[in-house]
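Below is one structure, written out as structure tokens, with a few remarks after it.
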């Protein structure tokens, strides 16, 4: 990251496309936005063929009335570069820029992001249009920032120039073919290379070491695309304008902590199932092929914590749904109150902007039923009214959240390398014995959900960020650290985990952590490598599970929630010198201890040898983090309490994620930052159905 942008208050608005609208609607739209409390719109990122309808013919003035009108109404503008959707003339003139999802098979044109964005011909035209658009509007007083590209990293191109770039990248890392042969174990299946020219294409690859390096290389292409555009934009932008992109976290090329390094602030696009998808008591399964949206209260907060993790700093929400999100079969408009709930949840975890996609629901195109703030009729309805109410609330809050940082009771370690490896070479399978390509997400989510639902507030760190932080500081800031499935890890990572525990932290290890090295090679060491003696356990046998395996408490200090079980995987632990807190029910596998713990140095190391179901994960969380803000507020199960602070005030976000009204007792004096209502310690705070409050806590820390 470069410099963090300075602006006061929470930015609030929507993407706006006057070019998609009938003539004569601009002033009406902008007036409605102003009346709804909008302070920002995003424009221009999707219409290269409008900016440049023919090769070399530029039409740049059409957006000026929108910017003038926004500025006159006090609405800032984020201007997007239109490089993610190439015009048909460019595809026709240069078909060679099409990305090849398989070697020799070009993408057909007709969607978006069909091109190889590293192709030099594409880069020539993309740079030209970026310079034209940004130079035209960088000095406009309405423009507060720029979004370069849009949801980058959609492709994994196999084009010839991309592959040759990969070969050169490998040469830089390994120097010689002999070193590559040794590192990748290419003696296997007679894969030893005698020359770099013999490196095979990724299409037929079956070797996990190759695949991991291929994904690492591909991530450099998305990172370079964003950094390159950011550098071009900064040749024209003012010091008070920020540069960002909008991240779709599941995109194949995205390594988000690297992607954001050239930007001023992280920004991303959370889409979620409304209705039962934001009800505490319901569980909506997300199809594996549709990981761009999520469901569950815990997943909404997890998205916010992942967005914070990219740069360990506040973030912007560049797109989220105001109505339905997706195809015409995916119509789930929000229950009354859910728009406010979702927005405040994202702000609670560090958001500085909430921007809907989009202002008006389209009448044509692939996203005709992706609902905006205005419906197809263009007449303001319930969604507009609720958005306006939220806008008024944010105006009432004003600058009170400036400098806000969310609290964290614990740390979770995120491994992008492991995610990529498991997408190719997963440890988990489904009931039919087929590979579960979302194994990493399933394991990580299993831990996150349990800790969130018991009230723990979670900070996520990437492995690189973790390594860059002193273990003593980590143990002081985060007394609990969960490392789920850190399979791809060099010695330095595992030793850093050990030093964290030695410094006084409680390290909780999940399956596959400490089993692989930095190239996803199984380690020739006792598992978990470099940690087994400190943890007091080891194993060399493990098994997949078709059916859950129930567990029983092995210690009076550990209370198990009814229905607790391990799922999908079991490490058959040998207990050398640890206390078994949880044991598996009698089984023929020989699996005994499920959860062990052992004092190590000034801290503790625990090991959970299975993927916990929700009940077991919550049981682990209650034991590991017994004191939370939610507990202090004595909040019912379906009420979340998320806290944080600015330099001036402690803040608590309180949300009722159900249709049932409930009450809370204020543990300290508080004032509602929206209504101004004041509460003394011991006062009853009424929470209506799906209510969400932002409270300043006075005379006492929020948590």
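Exactly one condition in (1) in contact with a helix residue (DSSP H, G or I) (Cβ under 6 Å, 6 or more places away or on another chain); (2) in contact (Cβ under 8 Å) with a residue 60 or more places away in the chain is false for residue 87; which is it?
(2)
Taking region 675-685, which residues are under 13 Å from residue 663 (Cβ atoms) and either touching a residue at least 40 places away in the same chain (Cβ under 8 Å) or surrounded by 11 or more Cβ atoms within 10 Å (Cβ to Cβ) (or both)?
679, 683, 685 - these are the residues of region 675-685 that are under 13 Å from residue 663 (Cβ atoms) and either touching a residue at least 40 places away in the same chain (Cβ under 8 Å) or surrounded by 11 or more Cβ atoms within 10 Å (Cβ to Cβ) (or both).
Can you work out which of the residues in region 383-422 that are surrounded by 19 or more Cβ atoms within 10 Å (Cβ to Cβ) and free of Cβ contacts under 8 Å to residues at least 60 places away in the same chain is nearest to residue 672 (Cα to Cα)?
386
From (1) part of a loop (DSSP other than H, G, I, E, B); (2) over 22 Å from residue 580 (Cα atoms); (3) under 25 Å from the mean Cα position of the chain (by Cα), pick out the condition that doesn't hold for residue 525.
(3)
What helices (runs of 4 or more DSSP H) lie completely within region 417-502 and have 3 or more residues being within 30 Å of residue 287 (Cβ to Cβ) and under 21 Å from the mean Cα position of the chain (by Cα)?
Here the list reads 439-453.
Can you tell me which of (1) part of a helix (DSSP H, G or I); (2) within 27 Å of residue 517 (Cβ to Cβ) is the one residue 226 doesn't meet?
Of the numbered conditions (1) part of a helix (DSSP H, G or I); (2) within 27 Å of residue 517 (Cβ to Cβ), the odd one out for residue 226 is (2).
Go through region 577-591 and give me each residue that's out of contact with any strand residue (DSSP E or B) (no Cβ under 6 Å at 6 or more places or on another chain) and either crowded, with 17+ Cβ neighbours inside 10 Å or closer than 27 Å to residue 504 by Cβ (or both).
Selection gives 577 alone.
Would you mind finding the one in 86, 77 that is buried (at least 22 other Cβ atoms within 10 Å of the Cβ), touching a strand residue (DSSP E or B) at 6+ places or on another chain (Cβ under 7 Å) and either at pLDDT below 95 or not in a loop (DSSP other than H, G, I, E, B) (or both)?
Numbers: 86 fails: either at pLDDT below 95 or not in a loop (DSSP other than H, G, I, E, B) (or both).
Residue meeting the stated conditions: 77.
Which members of region 534-562 meet the condition of being buried (at least 16 other Cβ atoms within 10 Å of the Cβ) and part of a loop (DSSP other than H, G, I, E, B)?
536, 545, 548, 554, 558, 560, 561
Output the residues belonging to region 168-195 that are exposed (fewer than 15 other Cβ atoms within 10 Å of the Cβ) and farther than 26 Å from residue 258 by Cα.
Across region 168-195, the qualifying residues are 176, 178, 179, 182, 187, 188, 189, 190, 194, 195.
On the given criteria, is residue 280 in contact with a helix residue (DSSP H, G or I) (Cβ under 9 Å, 6 or more places away or on another chain) and within 19 Å of residue 451 (Cα to Cα)?
The answer is yes for residue 280.
Show me the strands (runs of 3 or more DSSP E) entirely contained within region 607-658 in which 1 or more residues are more than 26 Å from residue 339 (Cα to Cα).
Passing ranges, in order: 610-612.
The values are calculated or read from the model by the stated rules, or taken from the named source; none is laboratory data. Bear in mind the structure is a predicted one, so any value in this text is a computation, not a measurement. All Cβ positions, glycine included, derive from the backbone under ideal geometry; neighbour counts span all protein chains shown.
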